[in-house]
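A short write-up of the structure that comes next.
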There are 2 protein chains.
Amino acid sequence: MRLVIANCSIDYAGRLSAHLPLARRLLMVKNDGSLLVHSDGGSYKPLNWMSPPCTLAVAEPDERQREAGVVELWKVTHQKTADMLIVSIHDIEHDSRHELGVDPGLQKDGVEAHLQKLLAEQIERLGEGYSLVRREYMTAIGPVDILARDGSGASVAVELKRRGDIDGVEQLTRYLELMNRDPLLAPVTGVFAAQEIKPQARTLAEDRGIRCVLLDYDEMRGIDDGHSRLF
Amino acid sequence: MRLVIANCSIDYAGRLSAHLPLARRLLMVKNDGSLLVHSDGGSYKPLNWMSPPCTLAVAEPDERQREAGVVELWKVTHQKTADMLIVSIHDIEHDSRHELGVDPGLQKDGVEAHLQKLLAEQIERLGEGYSLVRREYMTAIGPVDILARDGSGASVAVELKRRGDIDGVEQLTRYLELMNRDPLLAPVTGVFAAQEIKPQARTLAEDRGIRCVLLDYDEMRGIDDGHSRLF
DNA sequence: TGCTAAATTTCGCCG
DNA sequence: CGGCGAAGTTTAGCA
């Protein structure tokens with residue numbers, strides 16, 4: 001990600017035409033080439049933007065533009081739609097680059113995060129003698145929703161979903177493969193827990209020795225009594 | 001605006017509950033206290049955010065959090081809705097502040113910016129002998145949409161709107177008052193041009209000696225033939 | 001992959 | 001200021 005604070009004016013031509021007069025703004029260039037133009041107010045919506053897939057090209061300002069004070073021209077063009085965003089930069093106050101990596105992404109929820117908390121508290125739902133190690137157990141490829149131990153003390157990795165789909169099984173499989181290479185954890189077994197598990201996902205999971213557990217959200221919330229919160 | 005690049009995890013509790021696992025992200029704190037959390041991909045929508053009006057408070061992590069690697073805690077709370085966003089910062093890579101000032105705002109348009117270009121090209125629509133001086137003529141209180149000269153060489157300030165309302169007349173009035181104090185420009189007359197002019201706006205404009213001109217977008221575009229673009 | 005409907009929607013217009 | 005509807009909508013779920 002590249003962050004630029006600059007005096008700039010902006011023209012957009014695409015599904016509509018729009019213009020931003022000269023002012024100091026934040027230009028956020030994401031790794032995929034997409035651009036967001038933010039002011040110091042308003043909501044989360046940028047003043048203007050270009051969605052991926054798109055490419056940013058830096059052009060030389062022509063003489064007329066240079067006379068007008070333009071020192072750099074950015075042309076951001078969309079691959080398919082031919083939308084174009086032109087940033088006329090007059091003055092750069094700040095310019096920095098940062099490696100952010102791929103984001104693990106939002107665990108959104110009217111349910112899922114809560115479900116995770118509930119299952120952590122009611123870990124015995126997975127079986128007699130189960131105990132919680134921790135939620136969001138970090139691995140090199142991302143956090144495992146819940147790490148637990150079964151009655152015999154063996155590690156159990158739990159993948160939690162509201163709707164249990166193939167993707168979730170694949171995800172858990174990757175975690176298990178990685179964790180079973182760690183002698184301190186191995187052997188690690190897997191539990192795929194969800195409110196609803198698609199037949200395909202169940203078949204795949206059981207074929208890989210992953211146990212499927214259906215969770216009753218209302219019942220779990222009933223026990224929890226709803227008094228507790230995330231904080 | 002404050003820009004922070006940090007390793008952080010984020011919890012949101014409000015209209016829903018959501019969690020962002022630990023990862024490197026951009027935290028954008030706007031002047032109104034609102035917060036945007038961006039990753040290096042996706043669209044213009046942040047991973048998470050808090051809309052204004054809200055306040056950001058920095059808290060000390062407790063012992064358990066400190067052990068988990070949290071060096072700073074941000075609590076962003078919404079004034080009315082009691083929504084809360086908690087940013088657990090593990091590591092700050094970058095932290096900078098920037099004064100951006102108030103943004104003049106987007107001149108959006110399926111029409112207006114295009115209309116401005118078209119009228120600039122077809123300035124004779126305002127009357128015999130009219131000539132364009134320039135679009136976006138800058139004044140101390142903002143840019144006048146179009147500055148032109150009439151057949152006699154007198155300055156004409158044009159305010160352009162899609163829907164001509166009282167506000168537009170007031171705006172043009174302010175420009176006219178300012179410009180008429182400039183001996184190089186004065187006397188400056190005003191033209192209020194729009195696709196549609198509200199009766200109240202027309203009355204006010206004509207009362208102030210401002211001429212109203214109705215623009216036919218399709219007709220103007222027809223003459224322009226659609227071959228030209230903003231660039 | 002294409003559609004359908006919700007969104008922590010945001011934004012603008014109209015009363 | 002509240003309601004209604006569109007958005008360069010975006011996003012998520014489902015066939």
Single match in B:Ser17, B:Ser88 (criterion: more than 10 Å from chain A (Cβ to nearest Cβ) and of a type in the set (Ser, Thr, Tyr)):
B:Ser88
I'm trying to understand the selection: among the residues of region B:163-221, which are away from DNA strand D (no atom under 16 Å from the Cβ), of a type in the set (S, T, N, Q) and either under 19 Å from B:Met138 (Cβ atoms) or in contact with a strand residue (DSSP E or B) (Cβ under 6 Å, 6 or more places away or on another chain) (or both)?
B:Gln171, B:Thr173, B:Asn180, B:Thr189
Determine whether region A:19-27 contains at least one residue that is within 13 Å of DNA strand C (Cβ to nearest atom), more than 20 Å from the chain's Cα centre (by Cα) and under 20 Å from B:Lys30 (Cβ atoms).
yes
What pairs can you find where one residue is in region B:27-46 and over 14 Å from B:Val4 (Cβ atoms), the other is within 12 Å of DNA strand C (Cβ to nearest atom) and among the aromatic types (Phe, Trp, Tyr), and their Cβ atoms are less than 7 Å apart, with a gap of 6+ or different chains?
B:Tyr44/A:Trp49; B:Lys45/A:Tyr44
Does region B:38-61 hold any residues that are over 21 Å from the mean Cα position of the chain (by Cα), in a loop (DSSP other than H, G, I, E, B) and either within 16 Å of DNA strand D (Cβ to nearest atom) or within 12 Å of chain A (Cβ to nearest Cβ) (or both), and which are they?
B:Ser39, B:Asp40, B:Gly41, B:Gly42, B:Leu47
How about region A:181-196: which of its residues are over 15 Å from A:Gly153 (Cα atoms) and surrounded by fewer than 22 Cβ atoms within 10 Å (Cβ to Cβ)?
A:Arg181, A:Asp182, A:Gln195, A:Glu196
Positions within region B:21-35 being at the interface with chain A (Cβ under 7 Å from one of its Cβ atoms) and within 20 Å of B:Ala82 (Cβ to Cβ), in sequence order:
B:Asp32
So how many residues does region B:144-186 have that are more than 16 Å from DNA strand C (Cβ to nearest atom) and within 20 Å of B:Gln122 (Cα to Cα)?
14
Filter region B:187-196 down to residues that are modelled with pLDDT under 80 and either touching a helix residue (DSSP H, G or I) at 6+ places or on another chain (Cβ under 8 Å) or more than 23 Å from B:Gln122 (Cα to Cα) (or both), then give me how many there are.
1
Can you find a residue in region A:19-36 that is within 16 Å of DNA strand D (Cβ to nearest atom), among the acidic types (Asp, Glu) and either in a loop (DSSP other than H, G, I, E, B) or in contact with a strand residue (DSSP E or B) (Cβ under 9 Å, 6 or more places away or on another chain) (or both)?
yes
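From the set of residues in region A:75-114 that are among the aliphatic types (A, V, I, L, M) and exposed (fewer than 14 other Cβ atoms within 10 Å of the Cβ), which is nearest to DNA strand D (Cβ to nearest atom)?
Our first condition is that a residue be among the aliphatic types (A, V, I, L, M); within region A:75-114, this holds for A:76, A:82, A:84-87, A:89, A:92, A:100, A:102, A:106, A:111, A:113.
Subsequent filtering for residues that are exposed (fewer than 14 other Cβ atoms within 10 Å of the Cβ) retains A:82, A:102.
On the way: A:Ala82: 11, A:Val102: 15 Å.
This residue is A:Ala82.
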Return the pairs, sorted by first residue and then second, in which the second residue is within 12 Å of DNA strand D (Cβ to nearest atom) and in a helix (DSSP H, G or I), the first residue lies in region B:103-118 and is at the interface with chain A (Cβ under 8 Å from one of its Cβ atoms) and at pLDDT 65 or above, the beta carbons are less than 7 Å apart, and the residues are 6+ apart or on different chains.
B:Gln107/B:Ala113
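The values are calculated or read from the model by the stated rules, or taken from the named source; none is laboratory data. Nothing here was measured: the structure is a model prediction, and the numbers come from that model. A quick note on method: Cβ atoms are made from the backbone with ideal geometry, for glycine too, and the neighbour counts reach across all protein chains shown.
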